[in-house]
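Reading through the structure tokens given below for one structure.
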Amino acid sequence: MSQATTPLPAAAVSAGHNNKTLASTQPLPTPTQSDNVLLQTSRSNSVRKLSPAESAFCGATAGVVSRAIVAPFDVVKITLQLQTQQRSYAFLRPTNDGMLACAARILRKEGARGLFKGNLSAEYLYLTYGAVQFLVFDAIESTLKQSRLPKRARSFVGGALAGAIATSATYPFDLLRTRFIAQETGNKVHKSILGAVRQIHAEEGVRGFY
């Protein structure tokens, strides 16, 4: 004979119902640090890669800004390089031919503008160099992805070729920068970039720019 089941008291049924209600209304557990890392990783994997034009723009902008900051140091460096007399190569030693003395001499003779000689042609140099380098690197990197070369080899080849092509394409601006820095304010050979280009081409031809 089967035993009859004893019905549960009404209080027990009500208590069970209340427990289920409380469990359903409890807040969800907060994500742990590992969950946040996984979420950030998934988001970072979905970041869009820059297009070649955007990479060229970023490279050009970085070149222009960096050149504007280091222009005085570049003028002092090239001025010291063009000196033919024997000199000391001390960095901060207070000699007559040191870096600080050279900067002071330029300021005394030509004013603050003397520390920015050739800056316009140098800005063209840095702008075009950064743009060409980034653009060529992206093109070479995309082409080499179809090969079996490892990523490091592709980056090495792409960087080397991009640097060589960018240097060859922008070397005339480097030449103009050096010539403008070499001349003093009171004894200018070249009055403008366009005039310098015409004069160099008339006297030395295309080879004069290289």
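The values are calculated or read from the model by the stated rules, or taken from the named source; none is laboratory data. Bear in mind the structure is a predicted one, so any value in this text is a computation, not a measurement. Please note: Cβ atoms are built from the backbone with ideal geometry, for glycine as well, and neighbour counts cover all protein chains shown. Each accessible area value is taken on the protein alone, full model and side chains, heavy atoms only, with ligands, DNA and RNA left out. Shrake-Rupley method; radii C 1.70, N 1.55, O 1.52, S 1.80 Å.
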Exercise. Order of 152-165, 50-63 by packing, highest average Cβ count within 10 Å first?
Worked result: 50-63, 152-165
Problem set entry | Inverse of mean 1/r across different Cα pairs in the stretch 105-177, Kirkwood, Å | 14.1
For this session: State, as an integer percentage, the relative contact order of the stretch 121-210 based on alpha-carbon contacts under 8 Å between residues 6 or more apart.
Result: 35
Exercise. Taking LYS188 as the anchor, which lysines have their alpha carbon closer than 18 Å to its alpha carbon, excluding any fewer than eight residues away along the same chain?
Worked result: LYS109, LYS117
For this session: For the stretch 144-210, with all protein chains present and a 1.4 Å probe, just round the carbon and sulfur fraction of the accessible area to a whole percent.
Result: 58
Problem set entry | Förster radius 35 Å - calculated FRET efficiency between ARG113 and LEU161 (Cβ-Cβ, nearest 0.05) | 0.35
Exercise. Put a dot 7 Å past each Cα toward the Cβ at THR178 and ARG207; how far apart are the dots in nm?
Worked result: 1.7
Exercise. Arranged from highest to lowest average of other beta-carbon atoms within 10 Å per residue, in what order do the peptides 188-197, 120-129, 101-110 appear?
Worked result: 120-129, 101-110, 188-197
Exercise. How much FRET efficiency would the formula 1/(1 + (r/R0)^6) give for THR143 and ALA62, where r is the Cβ-Cβ distance and R0 is 25 Å, rounded to 0.05?
Worked result: 0.55
